[in-house]
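Here is the structure we will look at, set down as structure tokens.
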Amino acid sequence: MARSLLITRISELVTNALRDSDAIAAISPDNSAAAGGPGGFATLSNAALVIEGDRVAWTGPASRAPAADAVVDAGGRTVLPGFVDSHAHLVFAGERGAEFAARMAGSPYAAGGIRSTVAATRAAPDGVLRGGLRRLAAEMLGQGTTTFECKSGYGLTVRDEARSVALAAEVTPEVTYLGAHVVPAEMSAADYVSLVCGEMLDACAQHSRWVDVFCERGAFSADEARAVLSAGISRGLRPRVHANQLGYGPGVSVAVEMGAASADHCTFVSDADVDALASSGTVATLLPGAEFGTRQPYPDARRLLSAGVTVALATDCNPGSSYTSSMPFCIALAVRDMRMTTSEAVWSATAGGAAALRRSDVGWLGPGARADLIVLDAPSHAYLAYRPGVPLIQAVYQSGRRASLALE
Ligand code: NIG
Ligand code: FE
């Protein structure tokens with residue numbers, strides 16, 4: 001029997017659970033015996049939680065908590081599921097601070113900036129890329145992110161995309177092949193799409209779970225996006241799309257048509273796009289760090305939510321448009337500037353991200369869920385937006401173990 005840990009005196013426990021049970025549930029690895037499951041935003045007050053091994057075994061009122069091998073006193077703090085950051089570009093070299101400064105002084109953002117990171121990434125040894133990736137992964141964990149997705153897309157050669165996905169697979173199972181990020185300067189679009197769908201895919205598929213394409217003016221057209229996604233799907237990868245970030249266009253409709261798990265950005269969407277998202281299983285992943293970093297208008301979260309679209313929040317961490325690894329920062333932006341409620345934003349950053357990655361084991365806390373959680377030094381989840389920029393993450397548990405949050 002795995003050792004059990006009781007975390008008690010929790011002022012607010014964010015469960016996002018379909019149904020809370022205060023009985024210890026039998027736990028099976030595939031969740032089938034779980035008493036609950038991922039659901040809408042839900043909380044318990046004056047609560048406790050029991051971890052057994054890498055799973056949550058029990059949640060309920062602190063007054064009815066069962067005995068456990070060890071006890072942690074949360075001292076009136078909030079406990080919530082670890083953040084699920086479903087969109088990040090972490091394999092790169094170099095930085096673009098000067099480009100950011102110029103943008104803040106009035107220059108526009110263009111997809112072409114990606115090429116300067118491509119040049120630095122191609123020139124970097126594996127050790128440099130690995131070091132940067134690990135530093136960002138540690139930064140994320142320290143800010144409460146326990147599951148994250150990581151894309152390739154700054155290599156754009158067979159060798160550099162293959163090593164990007166292989167490095168990403170060292171730090172996360174949620175690896176996305178984004179060979180179709182932009183067309184590299186040295187190739188025609190047609191030749192590059194053939195490479196992305198052929199030899200490059202052959203080299204990347206084994207390390208990847210997802211295939212993504214930047215479907216946007218200046219990047220890839222609807223037909224090119226379809227070709228890239230179809231090729232990936234034929235190799236067992238699942239589709240997701242960078243859609244409608246810089247202007248109106250076909251990205252969202254291609255994402256829905258191809259059965260993508262997620263259409264990411266959704267900054268410029270038509271009524272037809274909103275309807276298509278609402279009547280599909282495609283999650284709209286909003287990335288307010290990108291609008292912050294490019295001074296674009298924020299996506300209209302209220303319009304998507306009112307239409308019944310499932311909304312996720314993620315960082316889009318990358319050196320160009322959004323060099324933040326902080327889900328709390330994105331929650332604060334979503335609440336203050338996109339008018340999401342604090343509960344909607346926290347749900348979207350946890351259960352929403354899990355939906356965007358088609359994961360049912362994370363993003364919620366109830367019997368059977370993975371024991372990935374944050375102890376927040378605050379009486380409620382609202383403090384994530386109410387106290388923006390303040391380091392409130394007191395402890396993080398990943399698969400039931402307390403994580404070391406020190407940056408090396
Ligand atoms: O999601 N949109 C495409 N890719 C990134 C930007 C990457 C970059 O500027 O380097 C994004 O915003
Ligand atoms: Fe992105």
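The values are calculated or read from the model by the stated rules, or taken from the named source; none is laboratory data. Since the structure is predicted, the reported quantities are computational estimates derived from the model, not experimental observations. We place every Cβ from the backbone using ideal geometry, glycine too, and count neighbours over all the protein chains shown.
Figure legend. Inter-residue proximity from the range 170-181: first residues under 15 Å from CYS215 (Cβ atoms) and aliphatic (A, V, I, L, M), second residues within 13 Å of ligand 1 (Cβ to nearest atom) and in a strand (DSSP E or B), beta-carbon distance below 7 Å, spacing 6+ or different chains. Indicated pairs: LEU178/LYS151; LEU178/ASP212; ALA180/VAL213; ALA180/PHE214; ALA180/PHE220. Note on the range 40-96: enclosed strands (runs of 3 or more DSSP E) holding 1 or more residues that are within 30 Å of LEU167 (Cβ to Cβ), at pLDDT 95 or above and within 16 Å of ligand 2 (Cβ to nearest atom) are 83-85.
This table checks each residue for (1) aromatic (Phe, Trp, Tyr); (2) more than 16 Å from ligand 2 (Cβ to nearest atom); (3) at pLDDT 95 or above; (4) not assigned by TED's automatic domain parsing to the domain that holds VAL175.
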{"residue": "GLY320", "(1), (2), (3), (4)": "no, no, yes, no"}
{"residue": "TYR323", "(1), (2), (3), (4)": "yes, no, yes, no"}
{"residue": "THR341", "(1), (2), (3), (4)": "no, yes, yes, no"}
{"residue": "ALA345", "(1), (2), (3), (4)": "no, yes, yes, no"}
{"residue": "THR350", "(1), (2), (3), (4)": "no, yes, yes, no"}
{"residue": "ASP372", "(1), (2), (3), (4)": "no, yes, yes, yes"}
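Within the range 307-355, being more than 14 Å from the chain's Cα centre (by Cα), small (Gly, Ala, Ser), surrounded by 24 or more Cβ atoms within 10 Å (Cβ to Cβ) and closer than 20 Å to PHE100 by Cβ holds for GLY320, SER321. Just one residue in the set SER360, SER270 is more than 28 Å from GLU95 (Cα to Cα), within 19 Å of the chain's Cα centre (by Cα), more than 16 Å from ligand 1 (Cβ to nearest atom) and small (Gly, Ala, Ser); that residue is SER360. Pairs are defined by a Cβ separation below 6 Å, a sequence spacing of at least 6 or placement on different chains, a first member in the range 104-131 that is more than 16 Å from ligand 2 (Cβ to nearest atom), and a second member that is at pLDDT 95 or above; the pairs so defined are ALA120/ALA93; ALA120/GLY94; ARG122/ASP160; ALA124/ALA93; VAL128/ALA93; LEU129/VAL91; LEU129/LEU167; ARG130/LEU167.
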